[in-house]
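Here is the structure we will look at, set down as structure tokens.
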Amino acid sequence: MKIELKHGAGGVATSELISDLFSKYFSNPILNKMEDGAVLPALQGNIVFTSDSFVVEPLFFPGGDIGRLAVCGTVNDLAAMGAKPFYLTASFILETGLDSSDLEKIIQSMTSTAIEAGVKIVAGDTKVVPGKGGLFINTAGIGERNEKINISAHNLQFGDKIILTGTMGDHHAVIMTSRLGIETKAVSDCAPLAKIVDRLLAEKIQVHTLRDITRGGLATVANELAAASNVRINLQEEQIPVSEPVKGLAGILGLDIFTMGNEGKFFVAVASQDAERALAIIRKEKYGENAAVVGEIVEGKGVYVQNNLGSSRKLNSLQGEGLPRIC
């Protein structure tokens, strides 16, 4: 079945689409009441709220799809604040011509990813617009954070060590090669990372700053954080983890690893004395086996990269459009 305008008109076709696909897979006691809004249980700590939108093309790619991407992106935004994710909303804008079997695959993917991330999809909406078979997803996420946690972009401290939870540029490489029809062994790193944060906090690691490395890559994230905390970030170029397929692709196409985005990696700043223990904890987690300590926070401003020869260069944020759009 192809999606038609009638599927967004609010009539019988809309009801059938909701019952046959969305309700079938997203089913939970809160959503099943089918109210105009979700009534949620009271939370004990500070409520953390986020919103995001996903317009990636193609809809399916090695290592994931737009549905998995939507759940991971939202969950990771909450986790980056030190919050435990609980609830998501998911609103779909469907273009006419979209195959319902593709939509079902995406919904199934969102369901399995939500289960993995430990969250429930409790509300949503569907609209249909004229188009060429595309799909866009808007999400919101709610989580809970202990009142004593102060993880913030403004909390980098002198002496902090910087840990990357894995290899850089994977998702960017996959979307680019998929768009260009280039065969590669690269796989998207799209993954929910809340369990990594849970473990760090449970082990009393002094986590000062977290940020998911998405659009603009490490260079942009590092510059934003350095500016927010008014510090200098020194990175060691040879310590930056990069997979062989991504390294090869970057070399052939002249891509800058530092501005290539991810969808399943964190920038983590921890107190210096906790760095080795934090690294060991992250490496034991499913999505952290390639984690590495890559730099530190010092006095000054900006972001600098040093190589093994001792030379240093200033690392700037992404300028212009980072093609292709990765999320």
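The values are calculated or read from the model by the stated rules, or taken from the named source; none is laboratory data. In this text, all values refer to a predicted model and were calculated from it rather than measured experimentally. Here the Cβ positions follow ideal geometry from the backbone for every residue, glycine too, while neighbour counts run over all protein chains shown. Surface accessibility is based on the protein's heavy atoms, side chains included, excluding ligands, DNA and RNA. Shrake-Rupley method; radii C 1.70, N 1.55, O 1.52, S 1.80 Å.
The table that follows gives values for the structure above.
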item	result
Hits in the stretch 60-86 (condition: in contact with a Lys or Arg (Cβ under 8 Å, 6 or more places away or on another chain), assigned to a strand (DSSP E or B) and within 29 Å of LEU156 (Cα to Cα))	LYS84, PHE86
Residue match in the stretch 119-127 (condition: in a loop (DSSP other than H, G, I, E, B) and touching a residue at least 12 places away in the same chain (Cβ under 8 Å))	yes
Condition broken by THR220, with the remaining ones in (1) touching a strand residue (DSSP E or B) at 6+ places or on another chain (Cβ under 8 Å); (2) open to solvent by less than 40 Å² (accessible area, probe 1.4 Å) satisfied	(1)
Filtered residues of the stretch 235-289 (kept if surrounded by 15 or more Cβ atoms within 10 Å (Cβ to Cβ) and either of a type in the set (Asp, Glu) or in contact with a His (Cβ under 6 Å, 6 or more places away or on another chain) (or both))	GLU237, MET260, GLY261, ASN262, GLU263, ALA269, ASP274, GLU285
Residue list for the stretch 187-202, restricted to those being under 19 Å from GLY261 (Cβ atoms) and assigned to a helix (DSSP H, G or I)	ILE196
Members of the stretch 1-59 found to be open to solvent by 40 Å² or more (accessible area, probe 1.4 Å), part of a helix (DSSP H, G or I) and under 30 Å from HIS172 (Cα atoms), listed by number	TYR25
Which numbered condition CYS327 misses (of (1) farther than 22 Å from GLY159 by Cβ; (2) touching a residue at least 12 places away in the same chain (Cβ under 8 Å); (3) out of contact with any strand residue (DSSP E or B) (no Cβ under 8 Å at 6 or more places or on another chain))	(3)
Test set (1) under 26 Å from ASN316 (Cβ atoms); (2) hydroxyl-bearing (Ser, Thr, Tyr); (3) open to solvent by 10 Å² or more (accessible area, probe 1.4 Å); (4) more than 15 Å from the chain's Cα centre (by Cα) - THR214 fails condition number	(4)
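Conditions (1) of a type outside the set (D, E, K, R); (2) within 16 Å of the chain's Cα centre (by Cα); (3) surrounded by 17 or more Cβ atoms within 10 Å (Cβ to Cβ); (4) over 27 Å from PHE49 (Cβ atoms), marked per residue:
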site: THR111; (1), (2), (3), (4): yes, no, yes, no
site: ASP125; (1), (2), (3), (4): no, no, no, no
site: ILE137; (1), (2), (3), (4): yes, yes, yes, no
site: GLU147; (1), (2), (3), (4): no, no, no, no
site: HIS154; (1), (2), (3), (4): yes, no, no, no
site: THR167; (1), (2), (3), (4): yes, yes, yes, yes
site: MET176; (1), (2), (3), (4): yes, no, yes, yes
site: GLY181; (1), (2), (3), (4): yes, no, no, yes
